[in-house]
Amino acid sequence: MTSLEEKIKNAAEEAIIKMVESGSWLKMSSNDRILVDKNLFQEIWNMVDIDNIKLKIKERIEKEIADRIVNHIAGELANDIKTLLANKEQREKIRFIAKTQFNNILKNQG
């Protein structure tokens, strides 16, 4: 088989697989719909635990708020650090303090 023939065969196979996976090969007419008794939906709705849903929404909102706060703080810290390190004199002072503290930690370990 030539390269072109292989590409066409592969493309056709992929197209068929996508069509089967998506279900687009099976379509129902709107006239063929199955009617579901509205009492079934009412029964299902009555089974829903609204308090549990509220709790899950609350937890998700709290997590989202916490994540946004952490991201904002991280951004502010990054900006502050960049500002401090942009000044050579400040950068050298910070390095000196960091090295001094690091050496103190190493001395206390030994």
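The values are calculated or read from the model by the stated rules, or taken from the named source; none is laboratory data. From a predicted model like this one, the values you see are computed outputs, not experimental measurements. Quick reminder, even Gly has a Cβ in these numbers, built from the backbone with ideal geometry, and neighbours come from all protein chains shown.
Does region 2-10 contain at least one residue that is without any contact (Cβ under 8 Å) to a residue 60 or more places away in the chain and under 34 Å from the mean Cα position of the chain (by Cα)? Yes, some residue in region 2-10 is without any contact (Cβ under 8 Å) to a residue 60 or more places away in the chain and under 34 Å from the mean Cα position of the chain (by Cα).
Quickly run through region 1-14 and pick out the residues that are surrounded by fewer than 10 Cβ atoms within 10 Å (Cβ to Cβ) and in a helix (DSSP H, G or I).
Ser3, Leu4, Glu5
Can you give me the number of residues within region 15-49 that are modelled with pLDDT under 80 and in a helix (DSSP H, G or I)? Number satisfying all stated conditions: 3.
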